[in-house]
Amino acid sequence: MIALVAGDIHYPRESYLFAQMLDLIKKTDFDYILLCGDILNYGNIQLLRNFLKKIHKYYKSKIIAVMGNHDFWLSKNAKRSGYTSWDLIDRYNRIFRSFGDHLLWKHEYIDRSIGFAGVPGWYDYSFAPWHLGITRKMLDSGFYNGMFWNDLQYTKFNAKVEEILEPNLINLRKQLESLRNHKIKKVIVLLHFVPLEDFIIKDSSKKELFWNAYIGSRKLGDLILEYKDIVRYVFFGHVDVRFLTKKATIKEGVHFINVDVSNNFEERYILEIK
């Protein structure tokens with residue numbers, strides 16, 4: 001099996017990234033395309049349909065994906081219409097199914113001896129630099145040093161960050177438990193958010209450290225490592241390698257790999273599993 005793994009395409013904003021992706025798809029016979037969220041820059045269903053249609057013009061196999069925080073962004077009109085970011089999961093899911101693809105949220109996907117599990121994940125401030133005097137009130141406001149965290153403006157979950165993360169953890173555990181019960185020994189996990197503190201930069205300026213709070217949760221990594229007997233690879237995006245300590249690491253035998261291509265499409269990963 002050979003798969004193209006990438007995150008943070010941000011279609012159609014970063015059109016050159018999508019063009020590079022299509023060029024690679026035209027040249028390579030992939031068994032799977034795996035997407036680690038931020039497929040779009042806003043949760044626009046027509047754009048998602050166009051994105052999948054253009055890929056499937058050249059690629060006839062299955063796309064497996066998770067959503068990213070940008071996929072949960074709502075336009076002002078959508079908010080006024082009463083939509084929440086939770087509603088976008090079902091809307092994305094319907095579009096993926098219409099193309100024969102699979103959006104990971106409640107259900108895993110099995111292809112013979114290989115299993116795929118995944119959720120977007122979210123942040124819970126577990127990577128926040130509390131030692132610098134950061135407060136919960138500051139993090140909940142999302143405003144620091146003249147800058148604003150856009151999720152707090154463009155998403156609408158009507159929930160605290162921990163309450164957004166929790167269903168992600170519940171669904172991921174159910175998927176992994178199901179794959180273990182099916183005796184699948186080669187499991188690939190897709191996330192959007194950073195799952196391990198090993199990737200977090202801690203020795204830069206206070207201004208940069210503040211934003212660590214919004215890039216992931218150690219609970220994601222802890223949960224995955226409970227299934228280290230079956231999980232082989234974990235892919236995630238959300239933060240490109242310029243702002244992480246490393247691109248990849250191996251922890252307790254599990255490969256964790258960042259595939260955020262928002263700065264450089266060469267950060268995509270070609271996965272081969274026999």
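Odds and ends about this structure:
- Test: residue in the stretch 78-86 that is hydrophobic (A, V, I, L, M, F, W, C), within 21 Å of PHE193 (Cβ to Cβ) and not in a loop (DSSP other than H, G, I, E, B): no
- Subset of the stretch 4-22 that is in a helix (DSSP H, G or I) and of a type outside the set (A, V, I, L, M) - its residue that is nearest to ILE39 (Cα to Cα): PHE18
- Residue pairs whose Cβ atoms lie under 9 Å apart, sitting 6 or more positions apart in sequence or on different chains, and linking a residue in the stretch 236-249 that is over 15 Å from PHE193 (Cβ atoms) to a partner that is acidic (Asp, Glu), are VAL241/ASP260; VAL241/GLU267; THR245/ASP198; LYS246/ASP198; LYS247/GLU267; THR249/ASP198.
- Residue ID - surrounded by the fewest Cβ atoms within 10 Å (Cβ to Cβ), chosen from residues in the stretch 208-228 that are of a type in the set (Gly, Ala, Ser) and closer than 28 Å to SER178 by Cβ: GLY221
- Single unsatisfied condition, GLY253 versus (1) in contact (Cβ under 8 Å) with a residue 40 or more places away in the chain; (2) out of contact with any Asp or Glu (no Cβ under 6 Å at 6 or more places or on another chain); (3) of a type outside the set (Ser, Thr, Tyr): (1)
- Of all residues in the stretch 9-23, none that is free of Cβ contacts under 8 Å to residues at least 12 places away in the same chain has its Cβ atom under 9 Å from the Cβ atom of a residue that is part of a helix (DSSP H, G or I) and acidic (Asp, Glu), 6 or more apart or on another chain.
- Within the stretch 23-57, being in contact with a Lys or Arg (Cβ under 7 Å, 6 or more places away or on another chain) and either outside any strand (DSSP E or B) or under 14 Å from TYR92 (Cβ atoms) (or both) holds for ASN41, ILE45.
- Pairs where the first residue, in the stretch 158-170, is of a type in the set (Asp, Glu) and the second is outside any helix (DSSP H, G or I), C-beta under 7 Å, 6+ apart: GLU162/ASP124
- Flag for LYS186 being in contact with a Ser or Thr (Cβ under 8 Å, 6 or more places away or on another chain), surrounded by fewer than 23 Cβ atoms within 10 Å (Cβ to Cβ), modelled with pLDDT of 95 or more and under 20 Å from ILE33 (Cβ atoms): yes
- Unmet requirement for ALA78, which otherwise passes all of (1) modelled with pLDDT under 95; (2) exposed (fewer than 14 other Cβ atoms within 10 Å of the Cβ): (2)
- Those residues of the stretch 203-234 which are within 17 Å of the chain's Cα centre (by Cα) and in a loop (DSSP other than H, G, I, E, B), in sequence order: ILE215, SER217
- Complete set of residues in the stretch 111-161 that are part of a helix (DSSP H, G or I) and either surrounded by 16 or more Cβ atoms within 10 Å (Cβ to Cβ) or touching an Asp or Glu at 6+ places or on another chain (Cβ under 6 Å) (or both): LEU139, ASP151, TYR154, VAL161
- Cβ separations smaller than 6 Å between residues 6+ apart or across chains give the following pairs from the stretch 101-114 residues that are at pLDDT 95 or above to residues that are surrounded by 15 or more Cβ atoms within 10 Å (Cβ to Cβ) and hydroxyl-bearing (Ser, Thr, Tyr): HIS102/TYR109; LEU103/TYR92; GLU108/SER178.
The values are calculated or read from the model by the stated rules, or taken from the named source; none is laboratory data. On a predicted model such as this, the values are computed, not experimentally measured, just so you know. Methodologically, a virtual Cβ is constructed for each residue, glycine included, from the backbone with ideal geometry; neighbour enumeration extends over all protein chains shown.
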